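Engineer: Let me give you the structure first, and then I'll get to my questions.
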Amino acid sequence: MRDRLPMLETVAAWCLAVLWLLPLVYAFWSAFHPAEFATRFQLTAPLTLENFARAWSQAPFPRYYFNSVALVLMVLAGQLVVATLAAYAFARLRFAGSNVVFAFVLVQLMIMPDVLIVENYRVVGTLGLLDTIPGIALPYIASAFGIFLLRQTFKGVPNELVDAARVEGASSLGILWRVFVPLAKPTYIAFGLVSVSYHWNNFLWPLIVTNSVESRPLTVGLAVFGAPETGVDWSVITAATVMTMAPLLMAFLLFQRQFVQSFMRAGIK
Amino acid sequence: MAEVAATLAVQDGMRRTRRLTGIHAWLLLLPALVLLATFTHYPIGATFVRSLFGGGRTGLGPFVGLNNYAAMLDDPVFWQVLRNNFVFAAATVPLSIALALLMAVLVDGKLRGRGFVRLAFFTPTVLPMIAVANIWLFFYTPGYGLLDQVRGALGLASHNWLGDPSTVMACLIVMVVWKEAGFFMIFYLAALQNMPPELKEAANVEGAGRWYFFRRVTFPLLMPTTLFISINAVINSFKLVDQLVIMTKGGPNNASSLLLYYIYEVAFSFWDTAYASTLTVTLIVLLAAVALTKFVYLDRRIHYQ
């Protein structure tokens, strides 16, 4: 089976791992210490939450948190409903032109909304949704990627289960809800984690669409807060950065295995 | 007669069921198709159309044919961002792939503290690019930043890393490789863990060295994974521009600007929608070319199987 790595390689792996963590360790160091210790690494430096308190009071971070959570939930809920219905049609119903329509859907895998910023800005403007959270969310609600993943999963559901449910008198949507959705749980979790991380971290499109505190997600709020013009202290900016990363980072540390597996499952199409 | 009637009735029934299934399917697809048409297909079409018309903040200007494209080819900034994008891709893709492979091989072996090492490699992947940019911005800050403090301790002069056209790109590349390598690592890891252990045993019996085994067996077997990761990495190199907004704004003098960032600037700082559309067409064509490569490659793989 797998050989034990020689000592040298173990040391190399550890060095690389520590090197990889250094930027993060540094961010935490500077966030939890007074500004004068931002670049002086003494173990005796006093710990403080002062930077967080200042960031929290100098910019509307509670509102940004709320916006980000609302955005992520709105995108995820919409994506799950839309993708489930479409994936079911592609996986289980035979209809004329299904291949053509599927190809039509897959175009989005190639040209993502992220690069169509110019026209989507116009579309969202026409819909009167500029500077709103639904305006940020809408271009991402129909996810070709989600449809694709769920279609693959739904195709693997054994026919016997579907027939059994039908004999019991379940309607088509009833079968979808009671047979397909529960069986696709791992796919839903994988897609959900990838979607939540993506939209929590997304920046350019929300930056373009939003213009006010009421709709800005955390990433955009952080960029506005940290802009050099504002002259905010470095340690305070790092504290704000840590606050922006924290929810996802904690979720990742808690559910490490699920995260890694989800990203893997999502990547191997 | 009765038989014919019965057959007709059955056929009729089947046709009706099929039509019902069809209606059913379209209803299920409706939300997805409406949204995709509105935010993907219409924008793609509109981008092409707008690239053929003159500027106008509202509505279309006069039809100008390919003039916008001629202007683009004459625009030195366009060529510069395109070149930057290729440099960015040519550096980040092989670097992050090589590192990802190294990480995967290290983590795949029996290693003390394997979980921790894997965690360290993967963590940058889940962080927002904007937060990463903030952290690295500080490393590169002239004088006060970490990099210069180290240089100062060694008696070297301070350097404006992000303000110097000759170093800014390298600084961004290092940061992006740091963020992406761990993501690509997990694909290699999955592939390595699916490799039949008999290969290793056979190699041990034959007395093949580890490096020889890696070069002649592992690496060739990982080729499909490498191609898959490469394509994703190339696509990413056209999408990753968040860091520019915070760190350089494409500067100094466009030395770090990338195509998508230039589109963003032209559209939302200079408000030249016609030209931004022309640039977007270029980006769409580039992405389509990459996707096409992917399909061709996938087809070939199916042939060989």
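We did not get these values from a lab; they are worked out from the coordinates using the rules stated. Treat the numbers as computed from the prediction; the structure is a model and nothing was measured. We place every Cβ from the backbone using ideal geometry, glycine too, and count neighbours over all the protein chains shown.
Engineer: Which value, in debye to the nearest 20, describes the size of the charge dipole of chain B about its Cα centre when Lys and Arg Cβ atoms bear +1, Asp and Glu Cβ atoms bear -1, and nothing else is charged?
Structural biologist: The calculation lands at about 640 debye.
Engineer: If you don't mind, another one. How large is log10 of I(q)/I(0) for region B:226-302 at q = 0.15, 0.28 Å⁻¹ when the intensity is taken from the Debye formula with one equal scatterer per alpha-carbon?
Structural biologist: Those come out to -0.61, -1.25, one per q.
Engineer: Another question, if that's okay. Of B:A202, B:Q243, B:T125, which is farthest on the positive side of the dipole of region B:67-304, counting Cα position, with +1 on Lys and Arg Cβ, -1 on Asp and Glu Cβ, and the Cα centre as origin?
Structural biologist: B:A202
Engineer: Going by how many other beta carbons lie within 10 Å of each one, how would you line up A:S215, B:S96, fewest first?
Structural biologist: By the 10 Å Cβ count, ascending, the order reads A:S215, B:S96.
Engineer: Using just the C-alpha positions of region A:7-48 as equal point scatterers, what log10 of I(q)/I(0) does the Debye formula give at each q in 0.21 1/Å?
Structural biologist: Results for region A:7-48 at q = 0.21 Å⁻¹ read -0.67.
Engineer: Could you state, as a whole-number percent, how many of the C-alpha pairs of region A:163-269 are farther apart than 21 Å?
Structural biologist: Summing the P(r) tail past 21 Å for region A:163-269 gives 57 percent.
Engineer: Rank the residues B:K294, A:K155, B:K179, B:K249 as a footprinting-exposure proxy: fewest other Cβ atoms within 10 Å of their Cβ go first.
Structural biologist: A:K155, B:K249, B:K294, B:K179
Engineer: Could you pull out every whole DSSP H run in chain B that spans at least 27 Å of Cα extent along its own axis and averages 0.5 or higher on the Kyte-Doolittle scale?
Structural biologist: Result, helices passing both filters: B:2-36, B:76-108, B:165-193, B:273-304.
Engineer: If you don't mind, another one. Zone of B:D164 (label point 7 Å along Cα→Cβ, backbone N under 15 Å): which residues in region B:233-254?
Structural biologist: Residues B:252 qualify, since their backbone N sits under 15 Å from the label point.
Engineer: Okay, moving on. Using Cα pairs under 8 angstrom and six or more residues apart, how large is the relative contact order of region A:1-112, in percent?
Structural biologist: Averaging sequence separation for qualifying contacts and normalising by length gives 12 percent for region A:1-112.
Engineer: Percent relative contact order of region B:67-304, based on C-alpha pairs within less than 8 angstrom and at least six residues apart?
Structural biologist: 30 percent
Engineer: How large is the helix-only mean residue ellipticity at 222 nm for chain B, computed as the sum of -39500 (n - 2.57) over DSSP H runs with n ≥ 4, divided by its residue count, in deg cm²/dmol to the nearest 500?
Structural biologist: Computed ellipticity for chain B at 222 nm equals -24500 deg cm²/dmol.
Engineer: A further question on this structure: Within chain B, what is the number of lysine pairs with alpha carbons under 22 Å apart, leaving out pairs fewer than eight places apart on the same chain?
Structural biologist: Lysine pairs, 8 or more places apart or on different chains, close enough: 5.
Engineer: Evaluate the relative contact order of chain A (contact order divided by residue number), counting alpha-carbon pairs under 8 angstrom at least 6 apart; express in whole percent.
Structural biologist: Taking the mean separation of contacting Cα pairs over the length of chain A, I get 30 percent.
Engineer: What share of all Cα pairs of region B:155-305, in percent, falls into each consecutive 5 Å distance bin?
Structural biologist: For region B:155-305, the binned pair fractions read 2, 7, 12, 13, 14, 13, 11, 9, 8, 6, 4, 2, 1, 0 percent.
Engineer: Report the Stokes-Einstein translational diffusion coefficient (µm² s⁻¹, integer) for chain B, Rh taken as the Kirkwood radius over Cα pairs, at 10 °C with viscosity 1.306 mPa s.
Structural biologist: 67 µm²/s
Engineer: In which sequence would B:T17, B:T225 go, from the one with the fewest C-beta neighbours within 10 Å to the one with the most?
Structural biologist: B:T17, B:T225
Engineer: Amide H to amide H, which residues 5 or more places from B:F53 or on other chains are under 5 Å from it, using H placed in the peptide plane?
Structural biologist: The answer is B:V64.
Engineer: Return the lysines within reach of A:K185: Cα separation strictly under 27 angstrom, same-chain partners fewer than 8 residues apart disregarded; answer none if there are no such residues.
Structural biologist: A:K185 reaches A:K155, A:K269.
Engineer: Over the protein assembly as shown, what lengths in whole Å, largest first, do the semi-axes of the equivalent ellipsoid take, defined as the square roots of 5 times the eigenvalues of the alpha-carbon gyration tensor?
Structural biologist: Value: 42, 33, 25 Å, ordered largest first.
Engineer: In a solvent-free Debye calculation with one equal scatterer on each Cα, what is log10 I(q)/I(0) for region B:94-228 at q = 0.20 Å⁻¹, listed in the order of the q values?
Structural biologist: -1.13
Engineer: Limiting things to C-alpha atoms, what are the Rg and the maximum Cα-Cα separation (Dmax) for chain A, in angstroms?
Structural biologist: Taking only Cα atoms of chain A, I get Rg and Dmax of 23.1, 73 Å.
Engineer: P(r) for region A:12-159: what percent of alpha-carbon pairs falls in each 10 Å bin, starting at zero?
Structural biologist: Final binned percentages: 9, 22, 21, 21, 18, 8, 2, 0.
Engineer: Taking only complete DSSP H runs, can you tell me which helices of chain A stretch 15 Å or more along their own long axis by Cα positions and average at least 0.5 on the Kyte-Doolittle scale?
Structural biologist: Membrane-span-like by this criterion, though nothing is claimed about a membrane: A:7-32, A:61-92, A:98-110, A:144-155, A:234-254.
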